[in-house]
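> I'd like to ask you about the structure that follows.
The values are calculated or read from the model by the stated rules, or taken from the named source; none is laboratory data. Remember, it's a predicted structure, so these values are computed and weren't measured experimentally. Every residue, glycine as well, gets a Cβ built from its backbone with ideal geometry; the counts of neighbours run over all protein chains shown.
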DNA sequence: TCATCAATCAAACGATTGTTTTAATCATAC
DNA sequence: GTATGATTAAAACAATCGTTTGATTGATGA
C-alpha cells in the first residue's frame with residue numbers, strides 16, 4: 001500500500017511523468033496543469049502519479065528537487081573552486097557572479113536533457129504565489145544564497161551589505177527574464193534569438209556586472225536622482 | 001440579459017469585485033483564485049461577477065485594464081515631457097529609463113489606492129503562462145515599449161539595437177523582482193525593508209543604469225568572458 | 001399606482017478536479 | 001507451476017469549479 005517512492009524500480013514511468021509534468025508546468029503553470037494532462041502526455045494511467053509520488057503537490061516538489069539539487073551542487077562546486085584558487089585572497093565579484101548565474105545559464109543552455117525547460121520554470125517560480133512551493137524553494141536555496149552573499153560581502157567590503165542583497169535580488173530578476181527570453185511577452189519587435197545561449201551568457205553577464213558595480217545611490221551620480229527635483233542639470 | 005459592462009451605474013459592487021480580485025490574484029494567482037473567494041471577499045453574490053463582467057477571464061482583463069492604461073499613459077506623458085524639454089537634442093538614457101521604470105515604481109509606491117498590489121501582480125504576469133492574459137498584456141504594452149525603445153535607440157546610437165532590446169528586457173526583470181520585493185522567496189537573511197519606496201527607487205535606478213551603460217560583451221572587459229577559457233586573468 | 005429595468009439573491013447546472021478503489025497484469029524467485 | 005510483490009488498468013469517488021437560471025428586490029419616471 002505504501003508508495004515505494006525511493007525505489008529504483010521501474011524508472012520508466014516515473015521519469016516519463018516527471019518530464020511531462022515539467023514541460024506542462026512551464027506551458028500552463030501548476031494549477032492549470034491537470035493530472036490527466038500529465039499522465040496523458042507521459043502515456044501513463046491516471047493513477048500512476050498518486051502511486052509513484054503520492055499527490056500532485058509531491059510531484060511538483062519532485063520536479064524541482066530533481067534538477068535544483070544538481071544546479072545548486074554545481075554552483076557550490078564552482079564557488080569552492082574559485083576560493084581554492086584564490087587561496088585566501090578576496091575573490092573578484094565578477095567571478096562570484098559568474099559562478100552563480102553562469103552555472104544557471106549553463107543549465108538553461110542544455111536543451112537536450114530538459115535543463116532549458118526547467119530553468120524557464122524555475123525563473124517563474126521564484127515569485128510563485130503557491131505557498132508550499134515557495135517554502136520548498138526557499139529551503140532548497142537557503143544554503144547556496146548564504147554562501148554566495150557572504151562571498152560578495154568579502155569581495156565588496158566597501159559596499160553596504162543591504163545594498164549587495166538588493167543587487168543580488170535584482171540580478172536574479174534579470175536572469176529570470178533572460179531565461180524566460182522569448183517566453184515572456186514578445187514585446188520587442190524583432191523578437192530575440194535566444195537560440196544562441198553563448199551570446200546570451202555574455203550579454204547577461206555584462207549587464208549584471210554593470211549593475212553590481214554601479215555607483216551607489218545617493219551620491220550625486222547623474223541619472224539616479226528623484227523624478228521631480230533634479231538637483232543637477 | 002446583456003451585460004451592462006460599460007455602464008457607469010452601481011459602481012459600488014463592480015469596484016469591490018475588482019479590488020477583491022486584484023488582491024486575491026496577487027495572493028494566489030489567477031487559477032487558484034475562485035469566483036467564490038472573490039465574491040466572498042467583495043461581499044457580493046456569486047452571480048455578480050458574471051453579471052458585471054461576463055466571465056472570469058473578462059474580469060481578469062478588466063483588473064489589468066483599469067490600472068495598466070493609466071500607468072502607460074503616465075509613462076508616455078513623462079516621455080513626451082522629456083522630448084519637449086530636449087527640443088530635438090538626443091535624450092539622456094538615464095532620463096528615459098527613469099520615465100519608464102520610475103513611473104512604475106511610483107505607482108508601486110502607492111499603497112493606499114491599490115497601486116502597490118497591482119504592480120506586484122503585473123510584475124509576475126509578465127511571464128504568465130496563461131495564453132489570453134499574455135496576448136492582452138502584449139497588446140496593451142506594444143505602443144509604449146515601441147516608443148521607449150526608439151527613444152533609447154536615438155539616445156545610444158553606438159549600441160547595437162539588439163543589445164538595447166535585451167538590456168531593456170533585463171531591466172524589466174530587475175524591476176519586476178524589485179517590486180516583488182519581500183514577496184519573492186525570502187532568500188536573504190535580513191529580509192528587505194521595501195517599506196521605503198523612495199530608497200528602492202534610487203537603488204533600482206542605480207542598478208538599471210549601471211547595467212544599461214555596461215561595456216558591451218565581447219570586448220575583452222574583465223569578468224564577462226566564458227566560464228572555461230579565460231583569455232585575460 | 002403601476003410599469004420598467006438594473007441589480008441582487010439562492011439554488012442549481014454540467015463539467016472537471018485530485019484522489020481512491022479494486023482488479024488485472026507482469027516479472028521474478030522458489 | 002506457483003506464490004510474491006511491484007506496477008498498471010478501468011472505473012468511480014466526493015468535492016469544487018465557472019456559469020446559468022429564475023425569482024425577487026428596490027429605485028425611478030410616467
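> Against the definition (modelled with pLDDT of 95 or more and surrounded by fewer than 24 Cβ atoms within 10 Å (Cβ to Cβ)), how does residue B:151 come out, yes or no?
Yes, satisfied.
> What's the number of the only condition in (1) within 16 Å of DNA strand D (Cβ to nearest atom); (2) in contact with a helix residue (DSSP H, G or I) (Cβ under 9 Å, 6 or more places away or on another chain); (3) farther than 24 Å from residue B:173 by Cα that residue A:66 fails to meet?
Unmet condition: (1).
> Just to be sure, is residue B:50 within 16 Å of DNA strand C (Cβ to nearest atom) and touching a helix residue (DSSP H, G or I) at 6+ places or on another chain (Cβ under 7 Å)?
Against the criterion (within 16 Å of DNA strand C (Cβ to nearest atom) and touching a helix residue (DSSP H, G or I) at 6+ places or on another chain (Cβ under 7 Å)), residue B:50 does not qualify.
> Name the one entry in A:171, A:119 that is surrounded by 22 or more Cβ atoms within 10 Å (Cβ to Cβ) and at the interface with another protein chain (Cβ under 9 Å from one of its Cβ atoms).
On inspection, the qualifying residue turns out to be A:171.
> Looking at the range B:26-43, which of the residues that are within 14 Å of chain A (Cβ to nearest Cβ) and not in a loop (DSSP other than H, G, I, E, B) is farthest from DNA strand C (Cβ to nearest atom)?
B:26
> Does at least one position in the range B:14-23 carry a residue that is farther than 30 Å from residue B:155 by Cβ, assigned to a loop (DSSP other than H, G, I, E, B) and within 16 Å of DNA strand C (Cβ to nearest atom)?
no
> Is there any pair linking a residue in the range A:37-48 that is touching a residue at least 12 places away in the same chain (Cβ under 8 Å) to one that is part of a loop (DSSP other than H, G, I, E, B) and within 8 Å of DNA strand C (Cβ to nearest atom), with Cβ under 6 Å and at least six apart or on different chains, and which?
Close Cβ pairs satisfying both conditions: A:39/A:46.
> OK, next. Any residue at all in the range B:83-98 that is within 13 Å of DNA strand D (Cβ to nearest atom) and within 14 Å of another protein chain (Cβ to nearest Cβ)?
no
> Further question: Among the candidates A:106, A:70, which residue alone is more than 16 Å from DNA strand C (Cβ to nearest atom), within 17 Å of the chain's Cα centre (by Cα) and facing chain B (nearest Cβ under 10 Å)?
Criteria check complete, one pass: A:106.
> Could you check residue B:80 against (1) without any contact (Cβ under 8 Å) to a residue 40 or more places away in the chain; (2) touching a helix residue (DSSP H, G or I) at 6+ places or on another chain (Cβ under 7 Å); (3) more than 16 Å from DNA strand C (Cβ to nearest atom) and say which number it fails?
(2)
> Can you tell me which residue is modelled with the lowest pLDDT among those in the range A:127-140 that are buried (at least 17 other Cβ atoms within 10 Å of the Cβ), part of a helix (DSSP H, G or I) and within 9 Å of chain B (Cβ to nearest Cβ)?
The qualifying residue modelled with the lowest pLDDT is A:134.
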